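Right, one structure below, let's go through it.
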Amino acid sequence: MAGTLSLYDVLGIEQTSPPDALRKAWKRRVLETHPDKLAQDMTDEERQVAETRFREVHQAYEILSDPAKRRVYDNGLNYLRGCIRKNEAQERLAKTREEWDRQCKQRQEERLRLIRERQARAKEERERLREEKLRKQISERLPDDYEERKKIIEEEIRVAQDRYQETFMKAEMRYRERIKKLEEELNERKEHLRQAGPLPRMPTKASHGTFAVASQMLQTNVLLEQLRTANPEWEARRQAALRRKAERTNSSDTM
C-alpha cells in the first residue's frame, strides 16, 4: 500500500475484482504512468512523481497477481480496515459517552437549581406565615394603651439614665477634688521635708498623722477601684489626663 492508498486504489479496482480485471487495470495504469509516455517539457519534480507512480503500479500488480501474496495482503488489509473501523467506533462511543455525561450533568445541575429555588421559596413562605401569625398574636395580646405605656416606660428609662449620669459625674468630681487635695498635701509635705534637710532615723512606730494619711490613701484607692469597675471609659479618660499632665510637666521642666 502506497501512502494512504491500498494497492487496489493504486490500480483503480475493487478488492473483489477478478484476475482479468486486475491485468486490464495494470495495463491501463502502465500506459498512463510509463516514463516513455511522459511529455518532454515536464519538470524534474513532475517526472519524479510520475516515476514513483509507475513503480507503485508495478509493485501493486506484482503482489496482487500472485494469489498467495494477494491472499496475505487481503488478510492484512482487512485486519487494518477492521482496526480502523474499531478505532472509529471507539471514538464515536467515547464522544457519545462524553455527550451523555455532559447532558446528565447539565440535567442534574438544573434539577438541583430547581430544588434550591423551591426550597428557598418554601422557606420564604414559612417565614412570612410565621411573621404574620406572630404579628397577629401580638396585636391580639397587646392592650389598648400599649403605645402610651411604652412612651411612659421609655421616659422613665431616660430619666433614670440621666439621674445615673448626674450621680456618676458628681462622684467623679468629688473624687477629683479629693485627689487634688491629697496631691497638694503631698506636695506640701515634700516641700517641708526638702526645706527641713536630711531625714532623721525613722522611729520604730509610725506617728498618728502617718496612719491618717495611709488611711486616706487606702480609702482613695478603694474608691478609685470602684470607679474603674463601674466605668472603664472614665479610667481611660483619667489615664489620658495624667499623660497630658506629665507631658506639660516635662515641657515646663525642659524650658
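What follows is calculated from the coordinates using simple rules that are stated; it is not laboratory data. These numbers were taken from a predicted model, which means no experiment stands behind them. With ideal geometry, Cβ positions are generated from the backbone for all residues, glycine too; neighbour counts draw on all protein chains shown.
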Fill in the blank from the handout: Gyration tensor on Cα atoms of the range 7-95, a ≥ b ≥ c root eigenvalues, a/c under 1.5 rounded, else prolate if a/b beats b/c, else oblate, says oblate
Completion exercise
Taking a crude spin-label model, label points 7 Å out from Cα along the C-beta direction, the residue 71 to residue 135 distance in nm is 9.6 nm
Practice task
Take 74, 41 and order them by how many other Cβ atoms sit within 10 Å, fewest up front.
Solution key: 41, 74
Problem - Size of charge dipole - the range 7-95 - debye, nearest 20, with Cβ of Lys, Arg +1 and Asp, Glu -1, no other charges - result: 560 debye
Fill in the blank from the handout: Between residue 174 and residue 246, the FRET efficiency computed from the C-beta separation at R0 = 30 Å comes out, to the nearest 0.05, as 0.80
Practice task
State, to one decimal in nm, how far the label point of residue 117 lies from the label point of residue 93, with both points 7 Å from Cα in the Cβ direction.
Solution key: 3.9 nm
Practice task
Mind jotting down the distance between the C-alpha centroids of the range 16-37 and the range 161-192, whole Å?
Solution key: 128 Å
Practice task
First check a/c for the range 109-176, with a ≥ b ≥ c the square roots of the eigenvalues of its C-alpha gyration tensor; if it is under 1.5, answer rounded, and if not, answer prolate when a/b is larger than b/c or oblate otherwise.
Solution key: oblate
